[in-house]
Each structure stands twice: as structure tokens, then as C-alpha cells.
1. Along the charge dipole of chain A, Cβ charges K/R +1 and D/E -1, which of A:His81, A:Ala19, A:Phe558 sits furthest on the positive end?
2. On a 0 to 90° scale, report how tilted helix B:92-105 is relative to the longest principal axis of chain B, with both axes built from alpha carbons and the result rounded to the nearest 10.
3. Can you run phi through the Karplus equation (6.51, -1.76, 1.60; θ = phi - 60°) for the range A:133-145 and list ³J(HN,Hα) in whole Hz, with x for Gly and Pro?
4. Mind checking the dipole of the range A:660-776: about its Cα centre, +1 per Lys or Arg Cβ, -1 per Asp or Glu Cβ, Debye to the nearest 20?
5. If I stretch the segment between A:Leu768 and A:Leu99 completely, what's the gain in nm (0.36 nm per residue apart, minus their alpha carbon distance), one decimal?
6. Could you work out, for the range A:9-188, what percent of all Cα-Cα pairs fall into each 5 Å distance bin, beginning at 0 Å and stopping at the bin that holds the largest distance?
7. Using 1/(1 + (r/R0)^6) with R0 = 30 angstrom and r between the beta carbons of A:Arg414 and A:Lys278, what's the FRET efficiency to the nearest 0.05?
8. Which value in Å is the Kirkwood Rh of the range B:200-320 over different Cα pairs?
Amino acid sequence: MSEQAIRKVCVIGAGTMGAGIAAQVANAGVPVLLLDIVPKDGSNRNAIAEGAVAKMLKTEPAPFMSKAAARLVETGNIEDHLEKVAECDWVIEAVIERLDIKQGLYAKLEAVKRPGTAVSSNTSTIPLANLVEGRSDAFRRDFLITHFFNPPRYMRLLEIVTGPATDAGVAAAVERFADVAMGKTVVHAKDTPGFIANRIGTYWIQLGLNAAFDMGLSVELADAVAGPPMGVPKTGIFGLVDLVGIDLMPHLQESLTATLPDDDQYHAIAQSHPLIDKMIAEGFTGRKGKGGFYRLARDTDGRRKEAIDLAAGEYRPAIKPLGPTGPAARGDLRALVETKGVIGDYAWAVLGDTLAYAAGLVPSAAADVVAIDDAMKLGYNWKAGPFEMIDRLGAKYLAGRLEAEGKPVPQMLRIAGERTFYRVENGQRRFLGLDGEYHDVVRPEGVLRLADIKLASKPLLKNASAALWDVGDGVVALEFTGKMNALDGDVMKLILQAIPLIQSQYKALVIYNDADSFSAGANLGLALFALNIAAWGEIEKLVAGGQMAYKGLKYAPFPVVGAPAGLAVGGGCEILLHCDAIQAHAELYTGLVECGVGLIPGWGGNGEMIERARNAKMMPKGPMPSVAKVFETVSTATVSKSAAEAKELLFLRPEDGITMNRDRLLHDAKQKALSMVEGYTPPEAPTFRLPGESGHVALNMAAEGFRKRGLATDYDMVVSDALARVLSGGEADLVDTVSEQDLLGLERETFMRLVREPRSIARVEHMLGTGKPLRN
Amino acid sequence: MQSVVIAGYARSPFHLAGKGALARVRPDDLAAQVIRGLIGKTGVDPADVEDLIVGCAFPEGEQGLNVARLIGLLADLPLSVGGMTVNRFCGSSMSAVQIAMGQIAVGAGDVFICAGVESMSRVPMMGFNPLPNPELAKKSAVYMGMGETAENVAEKYQIGRADQEALAVESQKRAAAARAAGKLADEIVPIETRGGTVSEDGTIRPDTTADALAGLKPAFDAKGSVTAGTSSPLTDGASAVLVATEDYARKHNLPILARIKSVSISGCAPETMGLGPIEASRKAMERAGITAADLDVVELNEAFASQALACIKDIGLDPAKTNIDGGAIAIGHPLGATGARIVGKAASLLKREGGRYALATQCIGGGQGIATILEAVE
């Protein structure tokens, strides 16, 4: 059967997973029918599905990217509305993990669904072969497993399992939709228990718990070892179990011990711990319960972090453990497992067996090492997958230590021998296959990674904070390279060098990087240094230089497309405001947050925002509405919680693009830039009619209302007054025309006045020291 | 002077701005439906109407362009009927009534439709382009937010939070009881909307308790006593009364509700604008030759519980006779529409409850009060 477009989706089961999956379908702009059972009591037969949507609208982090997305979810129940499945192109079953219930539902679905409509189960434990027992061949052709991770909006992994009868076209349609529309990275798993990520993850967690109990480690030290030093999120193991729910552990254990083959290593380590059983029984199930291995205790002094003593079983104040140091703390896995004492012993106990277990899953659970690595990176947020970690540890070293301990050495380790699982040949990343040969890591069509390009080429320009790369077809990419991709004079210098180069030799520019955060804005550390030595001239040069560089981009004779993902704040937002177009990842957290550090946007953000606001649809006429809208957003340092919300806040224009799959962002941005090349003319400089002093007074009145309500501090009033002055045009009269350059001058002058204020400096210092705004 | 009477009263249901059932209804359409309803229930011949006077506090956007004329055309009034928009903020449509009375007095017409409208969903308070005079802002509190003035009144009159909440609970209770007894149905003109017909108020909260109100955060001043529960809500609504000479009303068998006995307007300090009704009521009562003790019915707009309590105390009103069917805290306060509502309501109550004199009075942002004394017609 050929691949069909998916225009409407049905999700059955409105629990956390089902509802979250439905929300992500809606986030893609696709209508979704969310069904659950009819509740036993109550008159509203759709209460469960409706309740799930209502709950999601209040959940943080939010499952929905916008309120508009929530309106795409149609709710119902499986008794009255199952026939609506005929309108859908994909049905996702996310009901309780009971084979009889799932099979019963499939029998009903078979009667109402159209032939060719894909049906997939979100099961995490039941083999596909069991699920389709009793179903027709036609049903089996349309059936597969799609295993999402929680929360479905934020976790990028989707494990797909197809059966022997699954139609390739049906599977391809689901995969394409999950990838392009829902933004998931698909990993193909075999029909084995726990698939890939949870199979390895559960094993790893169990090892970590066992070893900490056995070795008498504090939970803090355990997490400090099996956390960032291994490229694992700082929750480590105990923190992660708190997050997902301690009570989930026995279920996973039961399911895996019942279904894994008898010779699986997991059976040897699966065990319960009396303390954990007691915690579950008493409701200490983690963050959702009364507490977990960690908890926040409230007392008269405020909140205090506590941790449980694994030996005594009692809470005590949390400690800051003396974790790994030196190279062992910074990703040198060999140094970590060879650290003398309990740190090295624990690291080895967890890492050695986990990596060996993962290596043993090729080819039984996954076809190749890439699938295993992708699953753990995307499903558990590990910085490196098991095989990438083995490469850093040394396959031979790992095999040697396993052998010395009398443990079996997996086949993949033997195949690797002294080689690595990955290597780069002629700029192409390749992986080691079961056949002992290296094969290209093939990206799906439309996936372009700067990391791949960087392996194969040298930068066109490069300095300490930025680089320029040829990404093909006449397009170049500007990459920020500083810490948190912070922006400084070097970035501005490189922009000014890049403009003539692109003009003479290329067609378009994309501003992009592979990092989790597009840019945290101006380099505050550098700024603070200059402030402390009162180098006002240097600071003004930096402000003026940034204004010049950004306007240079805006008026360059070629299209400039911003391609942000993750955090893009302050100067990182302002550079986007100067682009001809934006192609944003759906997870975009952007805003002008300068007021939070006692400053105002200084790189042209004020004028660009007014321009966006006055062009916004439905913006009332007159000098005030656009200015007031910008003031409201910027004075409160509002940051979008998605790209969709960034449009509502006017950081993005209505016609700017949104890419759901992070891996497709660079490709999409490049295509957008190329589409603008023909007949491109730079924008004309805008002129403004601003409300002047009257508007300034009106904005200050609004701010005063906030202060009275206790929502703004005294110094907020000083900062917002400065912002109000710039946005209302300073001394300009209502009938004057204010040029873009006039506004830049006013912005710069006002910025320079604020930056000398001791309370602004205190805010900058506090932000650098704590990462949080100072409310002085 | 000719006797001038209120010969009909109608209003739309009142709904919360933004999220209420009238948020998607244009204010000109809303007012036009109310005027058609008034004409229908009074039976007045529209061709006799001299002028349509519409009060509106923020006459811009969909309320702009002399919206009174537009409303007249939307309501299919004859082309011969005039149209004038009046702005005295919250006192706008009471001013419309007073202007009609003056026009009748100078012999410039027999019948007027005096209406008011405000869509606080669609035209924001302060308007789209607030541009205060910087010099005036320095020397006067005239631009002060209304909530802050309510705090000032609470402070000046030492009105505690519990007293304000008690008034709010009573207002909600009375409005809910009146609605349950069908006492509001007569005055309400059902409004056709894209979402269906809306025929009941959406503002009343019958379950309001003192305990629930006590849990609210101050709405305007973190250290203050005024909350959303003791303030009138932002509201969408329209209202209209028919003002005519008594001779005309009798000749055409119009339903006479009450005679307008006296009127007044009075300025006061902007920072305590909620006290406006005190002097305005005193003047109107003096002109009518009565005292507060002579009043049988009072409609005192509850912009805020604090200012309503201050006015009740200072004027010497009987709380039992004040806002018998609940006040604006429960019913809502669509700025420009409130004046015609409370004049029409006071006139209707005088007829329903019996008695001789009624007072309708309200405070006005910027520092004013307005009052109208009505007298029963035998």
C-alpha cells in the first residue's frame, strides 16, 4: 500500500500519555479525536477526555504549545464516538497495559476503521505478536507499535516496532508524520520486551540502586557520579526515579522479568529493596507523592532540600557530596571508572555492566549501534549513547575488564576489538556494523546537521565566539560558539566580515547552531568586567557595534534567515528580530529579558518590536497600541514558551516558519533562505510616529499600577521608565517623524544611562552569580 | 416647566467582558437591539422621537464615529430621528436623560430615547490611545486608576475589608434572589448573538460568600483592602429609557414609570471620585425639596463597595432601600450603560415597590457625581 497523508488522528486513552500524545498532534496543527471510556458515575459521558484536556491546560511544563492547539482536540468516549475513527488516518491506542483490554478494543476498531488507517499501540511492554492475536490479516497490515516517551511534547524519541505483516506504506506514513509533523526522531526497535530505551534504562537504574545500597553510598554521591560525569542529566539515577515515580519501578521489574528471555542479564540484578517497598507503601513515591529519595521540606526558615539515608531510612538535610574531580568530572570515562575508592567503584559498577548490557542488544533488540545510541540520547537525555561512551572508554578496555571479572563479553565488543564504533572518513560519520565493516550514518531526507558539515569542512571565517560555514547550495550558516552561545564584540566583528563575503560569493545566510540554546544573549560576564572598571567607552562601543552589525544584517543585499531552537533571549532575540524571516524550532523560548538585569534592549530591539507590533493584525490604529504592547512584553521580560507563543508575543511574524523536528531545522531554514533569493531586495528603513512624552506618562502609569499591586519593585520602575522613554520616542512630538537611526540613538543613550546605575550592576552581578534575576 | 417622565426602560443582559456571552457582539449592534426592544415594549411611534442620545465612556473604535447615529440606523429608527453621543464616563447615559429633560424644557422635542452602551471587551478602559497631558499628570490625580481611588475612599472613611465584603455578599444575594423571582426578566431584552440568544445576566455570582471573598488578593494595592470581589466587574451591556413629556406619554398610553423631579451634577476631588454622589445627591434633593428620609427607593451605583458604603453613610441612605435588586458589584457596570440602567431601574422599582421618591446616583471617574430624583406619578 502506498504512503497516505495523515490529516486527522484519533487517540484512545486519555491518561497522561494518551492526552499528551493528542496534544502533540494538535501542536502540529492537525485535528485529533481524544476518546476514553464512559465514567461509571456522572452524567457527562465525555468527562474523562474533557477532564484530561482541562488538566493539560493547567499543567507545567505545558503539553500544548498554544491555546489554538487545544482547540484542535475533539473529545468523546468509545461507546458513543468510536465510529468517528472512520474520519481518521491514524489511531493511537494508549489505554491501560492489559492485553485483554487492548485486544477487545482492537476488535471494535476493526469494525469501524477504514482499511489503510494505521492503528498503533503505545504499549511499552506487550509484544506486537500478542497484540494482534485474533485479528484479520487486513488489520495486521495496518498495525504497528509506536512507543512515545513522557512527556510526549518534550521527549524527542519515538520507538517504532513493526510486525512481519505490517504494510511498509502504512508504517512509512506513520513514521513520516511522527517525524515531520510531531517532531519525533524515530528509532526502529525489534519486537522485544521494553524495546530499546526502557530496557537499557531499567537495567541501568536497577544497577544504580543496587550498587548504592550495597556500597553504602549517599543518594547525593550516587547521583553525582552517575550524573553529569557520565553525560547523564544531573538528576542521576535516584533523582530520575523520583521524577518518574518510585512506584513505577516494581511494575517495570515485574513486566521485564516476566517477558525477558531466561538468559537475560536483567534477571540476575532484578531485586526489590525493603526501603523502597516501604516508601511506596507509605506514599513516598517521588515528586508526585509525599517525597522521594529527595524532598523539599518546609519549615519556618523556608524550604530546605532533604535526602533519604539509604541505611537508616530517614530523611536528613541534603549534603553536597565530594563527587568526581578533574578529568573524571569532565567526561573522561576511563578516569572516572579508575578513580580510587567508592567513586570509581560505583562508576564502574553502574557503567561497566550497563554498557555491556547495551552492547549485547545488537542485533536482538536493535539492528545497529546507532539505534541504541539514539534511543538513549533522546529517550533518557544522555549526552552520549552507550556505544559512543564505549568509544570513550575503549571497547578493548571494557571487554578486558569484563573478562577479568568473569563476565560474558558481548559479540559487538568482540567485533570492535581495538576499533571504535564510530569514525569519520572523508568528513562522513560511519558506524561499525555486525559485519565488522563501517557503514555511513545516513540521515533521513531533510535532516541536515551542522555537526556533520563541520566534520567535512573548514569554516569560512572563525574567531573566538562565532564561525561561518558553507552549508551548500550557496547558503552559509553563522554559528555562535561561545559559552551559552553568548554574544560579544567578536560575534559582531564576524558578522561585519561575513556580509561582504556572502555578498560576493554566496546567496543567503542562515543564523543557526546545533546547541540546545540558540543564544543566552550578550556576554554579561564580559559586560560586568567592563562595568567594574568603568570602561564606559568600551561598553558604548559594544552597544554601537551590535547595533551596526544587526542593521548590517537587516539591510544586507541577501536574505538572512534566523533559525533558533531553545533559548534565544536578549541580544539572541534581537538578532532574530533583524532577520528577513525566521524558521524556528517549535520549542523556542525567546524574549527581550534585559529589564530583568536592569537594562533595556540595546541592539535595535526596541524599534524592531514596535515595527512588528504596528504591522500586527488587529492592532488598533494610533500611536499608543503598538508601543503599549511592546512595553507590556519587554518591561515584564516575557519569554515565549513555544514558537507558537512567540508569534502571539510578536517576536515572530505570522509568516515565519515553525519546524517541529529539531533535526530538520537547518534544512528548513536553508530552504526558506533559498526561496527568498530570487528578486531579493533588502527592506526599507522604517520611520515611526511615536506618542512622545504623553505616551511615556501613560506607560509609567500602567507600570505604577503594577508596583502598587506588589508586582514591580522600586527599581523596576526606574528601568521601565527608561524603556517607556525609548519606546515613546523620547522628546519626539506626536507629529514628528522618528527615523530608525534616531531611535537607535535614543536606545543607546538610555542604555548607557542605565548601565551606570549601581542597582543595574547589582542585577547583572546577581544574574551571573545565581542565574536568577535580582528583584531590587 | 413641563412634567417629564420615564416612560419605559430596557437593558441587555450584562455579561463579563472578555469571557462573557456578549464579548463577540459589537456594541452598536448590542445597543440597537436594546432600542428595538424598548420601542417594542413601550409601543412608542419612532417617528415621534426627536433624538437618540447615547452615553458611552470610551466612544472610539466600534463605539466611535458618533455611535448614537449609527445605532439609530441599525435599530431602523426613521431617518428623521437625530443621534448624539454623550461622554461623561460612568455618568454618560444619566447625562443623556438629563440632556433630554433640558431639551424638553426648552421646547425642543417631546420624546427622546436615552441610551447607554459599553463593550469593555472590545474597547479597553482608557481607550486604545491613552495620551495623558504630562503637565496635568504632575499636578492632578485626574488620571489615577479607579481602583486606587476606591482604596483612598476606604482609607478616608475607615471602611474595613469585612464591611466591603458584607456589602458585596448582600449585593450578590439580592441580585440572585431578584433573578430567581423573575424580577429581572421584564427589563431584559434578549440579545441575538452568533452563539445563540442571550437572555440572562452572566455576571451574578449567587454562591458568593464572605469566606470566599476574604480569600481574594487585593486587586489594586498589595497593602490595600479592595479586591475583585468588592469591585464592579468589567462588563458588556447596553440600556435605554424612554424620556417624554407627561402629556405625550398620557396621550399615547405609554407605560409611565416615574416623573423626573430634579437633577444635578457636581465635581469632586479626582483621587476620591467615589464620593461624587454625596454632593450631587445633596443638590438634587435640595432642588426637589426633600431629604434622604423621604427616599423610598435608591439606586446607588456600586463602582466599588468602599465608595458605596461611604456614600450610604454620608448621604444617610437606608441600606434596605438601596439597590433592592442588587447593585453593580453583582449586576455589572458597563460604564456608559449604567446611568440609564439605574434611572430606569429606580423608576421601575418606584412603581413596583410603591413610595414617592427615588434617587439614582453614581460616581464618575476624574471626580464627579451625578444624581436624579424621581417622583411617583399618580
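Laboratory data are not the source of any read-out in this text; all were calculated from the coordinates shown. Please read all numbers here as calculations on a predicted model, not as lab measurements. A quick note on method: Cβ atoms are made from the backbone with ideal geometry, for glycine too, and the neighbour counts reach across all protein chains shown.
1. A:Phe558
2. Here the helix axis deviates by roughly 40 degrees.
3. Ordered by residue, 3J(HN,Hα) equals 4, x, 8, 6, 4, 4, 5, 4, 5, 9, 9, 7, 10 Hz.
4. In debye, rounded to 20, the range A:660-776 gives about 760.
5. That pair, A:Leu768 and A:Leu99, stretches by 235.5 nm at full extension.
6. Values per bin, smallest distances first: 1, 9, 19, 23, 22, 16, 7, 3, 0.
7. 0.10
8. After inverting the mean inverse Cα-Cα distance, the result is 17.6 Å.
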